[in-house]
1. Being open to solvent by less than 50 Å² (accessible area, probe 1.4 Å), in a loop (DSSP other than H, G, I, E, B) and in contact with a helix residue (DSSP H, G or I) (Cβ under 7 Å, 6 or more places away or on another chain), is that true of even one residue in segment 45-67?
2. Hey, can you tell me all the residues within segment 70-81 that are in a loop (DSSP other than H, G, I, E, B) and touching a helix residue (DSSP H, G or I) at 6+ places or on another chain (Cβ under 9 Å)?
3. Evaluate segment 108-121: report whether one residue or more is exposed (fewer than 14 other Cβ atoms within 10 Å of the Cβ) and assigned to a helix (DSSP H, G or I).
Amino acid sequence: DAPAVVAACHQLFGVAGPYESLPTEAGPEAGYEVLLGLVLRAEKYNRKFLPQEYSLLWKAWRLFGGDLSGAAVVDIGAGNGNFACIFAAVFGVPVFCVERESPRVELQGERQQHASVRELVFRIERD
């Protein structure tokens, strides 16, 4: 019975309500503009993905109370690793990209980054 399993998981992990019930937070508008200046990619791509990436960065910042020292991030289904690179560049923490099969080397975003970012992004192929 799926609803019973979901309820048991909520109780186990102390979840007060479903993800959809969380307030929408995107962070200060100025932060989005700063982030827009950080990434160099097609405008269409930015319009599609940057709002969500910024929202996730803001949520991580809030979740850790602004102190991500000692944190690490696991990006499951990381694809080209763009978000992993943004996260590593902004917060200076390691990000592990987990993929069943990584994209071709020339499509892996971390390969195009400065060494200071590249050394924080790790790609793991596992099922």
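The values are calculated or read from the model by the stated rules, or taken from the named source; none is laboratory data. These figures come from a predicted structure and were not determined experimentally. Cβ placement follows ideal geometry from the backbone for every residue including glycine, while neighbour counts extend to all protein chains displayed. Heads up: the accessible areas ignore ligands, DNA and RNA and are worked out on the full protein's heavy atoms, side chains in. Shrake-Rupley method; radii C 1.70, N 1.55, O 1.52, S 1.80 Å.
1. no
2. Ala71, Ala78, Gly79, Asn80, Gly81
3. yes
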